[in-house]
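The values are calculated or read from the model by the stated rules, or taken from the named source; none is laboratory data. Given the structure is predicted, the values throughout are model-derived calculations rather than measurements. With ideal geometry, Cβ positions are generated from the backbone for all residues, glycine too; neighbour counts draw on all protein chains shown. The area values use the complete protein model at the heavy-atom level, side chains included, leaving out ligands, DNA and RNA. Shrake-Rupley method; radii C 1.70, N 1.55, O 1.52, S 1.80 Å.
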Amino acid sequence: MVDQGDLVVICVSIGVALGILIACLVYFGTRWYNKRTHLSRSANEPSLTAIPIRTNGLGTSTDFSASLTSSVATYKSPNPPKKSHPTGRNHQNRDGFASVSGILKYSYKEIQKATQNFTNILGEGSFGTVYKAVMPTGEVVAVKMLAPNSKQGEKEFLTEVLLLGRLHHRNLVNLLGYCVDKGQLMLVYEFMSNGSLENLLYDEEKELSWDERLQIAVDISHGVEYLHEGAVPHVVHRDLKSANILLDHSMRAKVSDFGLSKEEIFDGRNSGLKGTYGYMDPAYITSSKFTVKSDIYSFGIIIFELITAIHPHQNLMEYINLAAMDYDGVDGILDKQLVGNCNVEEVRQLAKIAHKCLHKSPRKRPSISDVSQAILGIKQRRLIKEDTMSFASTNFSRSVSQIDEQQVELSSIITMNHREIG
Ligand SMILES: Nc1ncnc2c1ncn2[C@@H]1O[C@H](COP(=O)(O)OP(=O)(O)OP(=O)(O)O)[C@@H](O)[C@H]1O
């Protein structure tokens, strides 16, 4: 027989053992659950800061630490990002790869037919040839075919497509589709019928009014604002220049070539720099650190191109420095198309904003949202002025017609008086 004391000891021991068992079960169960949720979350959210990239066009890298300083120009902002714009497109995707972004995959044959066997050439860039294509739906698009000597691998190309497909804004040249077929890599973009800003500014036969130029500056600032502050993850363009600003049928400007790996500049040696001379932030050249403020610098140069129609490769910077000496200094370097055809005060205000973008200390340059607010301010001040003037002129004509009416009344009274006296 077990006495009562032993029974108590046995019960307590069983209780303690059960307690330990339950505690262990809860502890390991929670750990297992947390791990499972973490894994499934990671699987659903591909880390875009760990994108394998093309490096210098010389090879590929899948090293994640290297990708953090990569030319796939994403960066993490200290501020929480604004909500990303939805794609608004509702295409069915045939391979499911880019279904998140709503971009289409085309076959080589489809593109071949749409470009009339690659005969419809729009231009040539550092990535390869750009063709005009008419899709079976009737939609006109631009197809960028990567040069066969491009060292970009298929995997890296698809990663870039995935990144690009996430970026949609009315002031960006949106990616509509892609093609990886028969060893060819192609990107399908919306078609911009008025070509590049560079062509419009430097072709003697083309004309750009001051209003169009001001609107182009507003449009570019909105496109860059989306890349810097709206897109998730944020994107640094790294090659803003007038050749990368394209215009649609209604002369609205869109930023192109964003998010693509940029080729390293070759100037007789491996500089390690990416971008285009003339637009390149001097602070980046000395530090090799590319930031959003380097894009702001390039944008400042584009604004001065809009004002002067002087190409950065034709000593634009010297003219800018000269103009910086006085508030009205910009009057002397104005594009001759604009002389007598623009509001000089607005030109001076825009030049003042551009000077700030070119500040030699990147920290002192404004953010893109400040720049776009300031440019919009120029347009708004004009609207307010026009409103005030039209209000004043309406009041003036009302007063004139009142005087006219009173004169008629007066002359009829005088005539009546004359008749009575007569
Ligand atoms: N979406 C488009 N719609 C119409 N024309 C385009 C489009 N994209 C490019 N083009 C034209 O094709 C030409 C080559 O463009 P691409 O973007 O490849 O090179 P780039 O910007 O001129 O130079 P780089 O590649 O050195 O930046 C340009 O003249 C441009 O006008």
>> Let me spell out the model: positive unit charges on the Cβ of Lys and Arg, negative unit charges on the Cβ of Asp and Glu, origin at the Cα centre of the stretch 195-381. What dipole size does that give, in debye rounded to 20?
In response: 820 debye
> Non-local amide H neighbours of LEU104 (under 5 Å, H modeled in plane, Pro and chain starts lacking H): which ones?
Replying inline: GLY177, TYR178
> What nm distance separates the two modelled labels at TYR277 and SER13, each placed 7 Å from Cα along Cα→Cβ?
Replying inline: 8.8 nm
> At a probe radius of 1.4 Å, what is the per-residue accessible area of ARG381, in Å² to the nearest 10?
Replying inline: 130 Å²
> By how many nm would the segment from ASP203 to LYS336 grow when fully extended, if each residue of separation counts as 0.36 nm and the alpha-carbon distance is taken off?
Replying inline: 46.5 nm
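Which order do LEU316, LEU246 take by accessible area at a 1.4 Å probe, largest first?
On the way: LEU316 0, LEU246 40 Å².
Descending accessible area places them as LEU246, LEU316.
When only the heavy atoms of the protein chains count and the probe is 1.4 Å, how do GLU205, GLU124, GLU156 rank by accessible area, highest first?
Details: GLU205 165, GLU124 135, GLU156 15 Å².
Largest accessible area first, the residues go GLU205, GLU124, GLU156.
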> By the gyration tensor of its Cα atoms, with a ≥ b ≥ c the square roots of the eigenvalues, what is the shape of the stretch 104-190: rounded for a/c under 1.5, prolate for a/b over b/c, or oblate?
Replying inline: rounded
>> Can you work out the Karplus-derived ³J(HN,Hα) for every residue in the stretch 352-367? Use 6.51 cos²θ - 1.76 cosθ + 1.60 with θ = phi - 60°, whole Hz, and x for glycine or proline.
In response: 4, 5, 5, 4, 5, 5, 9, 3, 5, 9, x, 4, 8, 6, x, 6
> Can you list the residues of the stretch 348-365 with backbone N under 17 Å from a point 7 Å past the Cα of GLU318, pointing along Cα to Cβ?
Replying inline: none
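Could you sort ILE303, ILE22 by accessible area so the largest value comes first, with the probe set to 1.4 Å?
On the way: ILE303 0, ILE22 100 Å².
The ranking, largest first, comes out as ILE22, ILE303.
Kindly state, to the nearest 0.05, the FRET efficiency for TYR327 paired with LYS155, given R0 = 35 Å and r defined as their beta-carbon distance.
Details: r = 54 Å, r/R0 = 1.53.
Step by step, r from the Cβ atoms, then E = 0.05.
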> Given a 1.4 Å probe and the protein chains all in place, what does the accessible area of TYR327 round to, in Å² to the nearest 10?
Replying inline: 110 Å²
> How long are the three semi-axes of the equivalent ellipsoid of the stretch 195-381, in whole Å, if each is the root of 5 times an eigenvalue of the C-alpha gyration tensor, listed from largest down?
Replying inline: 24, 18, 17
>> Could you work out how much longer the chain between LYS352 and SER367 gets when fully extended? Use 0.36 nm per residue separation minus the Cα distance between them, nm to one decimal.
In response: 3.9 nm
> What is the calculated FRET efficiency for GLN407 to LYS385, with r their C-beta to C-beta distance and R₀ = 30 Å, to the nearest 0.05?
Replying inline: 0.40
> For LYS182 and HIS311, what is the calculated FRET efficiency with R₀ set at 35 Å and r taken between the beta-carbons, to the nearest 0.05?
Replying inline: 0.35
